[in-house]
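Notes follow the structure.
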Amino acid sequence: MTTTPDLQTLSDFLDSQRPHVAELDQGLDQVLTAVLAASRQISYDLQQGALAGILGSADTDNVQGEVQKKLDIIANDSLIDALKRCEPVAGMASEENDDCIANNPAGRYLVLFDPLDGSSNIDVNMSVGTIFSILPVTQTPVTKESFFQPGSRQIAAGYVLYGPATLLVLTLGNGVNVFTLDRDQGEFYLTASQLQIPADTQEFAINMSNQRHWEAPVQRYISECLAGKTGERGKDFNMRWVASMVGDVHRILSRGGIFMYPYDLKDPKKAGRLRLMYEANPMSFLIEQAGGQATTGRQRILDVQPNDLHQRIPVMLGSAVEVRLVTSYHG
């Protein structure tokens, strides 16, 4: 049963934003439409799950050397197919593919995406999502170097959260808005506007199993959180960890908190765990647009100059007070 006649559709919302967003033209509309067409299909596939025989491992590895789920491949193919048919897309890059994919030489946009973030949650029916980032074309022909732009140059970014409801969380550089998919209508409707992250929080999200590998500044910060009211911070903290960046970031956008995936010594050759261009940049753009902050511990994430399509980076993002504090501990 549809209950959304008085809510603004995504298309109507984009029309209302044109006077305020210089880059928002029909081409960008088409790119977002393509991403969401694929996302609706991914949402449907996730709901089918075991009924369609698409759960479990695909018995293949991606370019990162990680074992792929069947739905990783299905989601990746859905996005590539949709974006290939989108004329404004000059090229695309996926976390699951070794190299970029050139598309229309006359296109104005580059799209990067993590097709299914948190895919280890698929088989236990927990939240996963699609993350995307849209950059301008600055050189032709499109090569992988065309994507090596700092996150501050993003035109738009967002994610689709596949949970009890399917949500689009989007920024065009003028705030963060949330849209909910009406499955009956096949439309995304605006359901929350101009999200703002509280500057203070009493929640943190981190993978505690890596504690023994963290650097001293992170050890110090988490120890102070765990000490609670009797410690230096003088307040109790709760820990939350979804094992899906989309899930953890959505909670922070909704009610505050800090998410951390810091550099550690578990594999010293890796500069970090998360991918700069598929995860850190789009999420940092959203967080900053909602009044939060995002750093590596030593540098603002959106200022990092990429040098590889699959570059990894430490990530600390969320409520401004907490991000500033843990960043200050890095000296």
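How do Trp241, Trp214 rank when sorted from fewest to most other Cβ atoms within 10 Å of their own Cβ? Ascending number of Cβ neighbours within 10 Å: Trp241, Trp214.
Sequence-ordered 3J(HN,Hα) estimates for segment 320-331 from the Karplus curve with 6.51, -1.76 and 1.60 and θ = phi - 60° stand at 4, 4, 6, 5, 4, 5, 5, 5, 5, 5, 7, x Hz, glycine and proline given as x. Taking 0.36 nm per residue of separation and subtracting the Cα-Cα distance, full extension of the segment from Gln47 to Lys229 would add 61.2 nm. The C-alpha atoms of the chain define a longest principal axis, and helix 245-255 lies at about 80 degrees to it.
Using C-alpha pairs below 8 Å separated by at least 6 residues, the relative contact order for segment 203-329 is 27 percent.
Per-residue extension of 0.36 nm, minus the Cα-Cα distance of Ala216 and Arg240, leaves a gain of 6.5 nm for this segment. Restricting the trypsin sites (Lys or Arg not before Pro) of segment 124-204 to loop positions (DSSP other than H, G, I, E, B) with no more than 14 neighbouring Cβ atoms within 10 Å leaves Arg183. Under 5 Å between amide hydrogens, built in the peptide plane, is the criterion, and for Val128 it picks out Tyr162 among residues at least 5 positions away or on other chains. Taking all Cα pairs closer than 8 Å and separated by 6 or more residues, the relative contact order of the chain comes to 16 percent.
Once backbone amide H atoms are built at 1.01 Å from N, Thr166 has Leu181 as its partners under 5 Å, excluding neighbours fewer than 5 places away on the same chain. Computed from Cα atoms, the angle from the helix 70-84 axis to the main principal axis of the chain rounds to 50 degrees. Of the GluC sites (Glu not before Pro) found in segment 178-252, those that fall in a DSSP loop while having at most 10 other beta-carbon atoms within 10 Å are Glu232. Remark: spin-label model distance Val21-Arg85 equals 2.3 nm, labels positioned 7 Å along the Cα→Cβ axis.
Values in this text are rule-based calculations from the coordinates and carry no lab data. Computed from a predicted model, the values in this text were never measured in an experiment. Don't worry about glycine lacking a Cβ; one is built from the backbone with ideal geometry, like all the others, and counts go over all protein chains shown.
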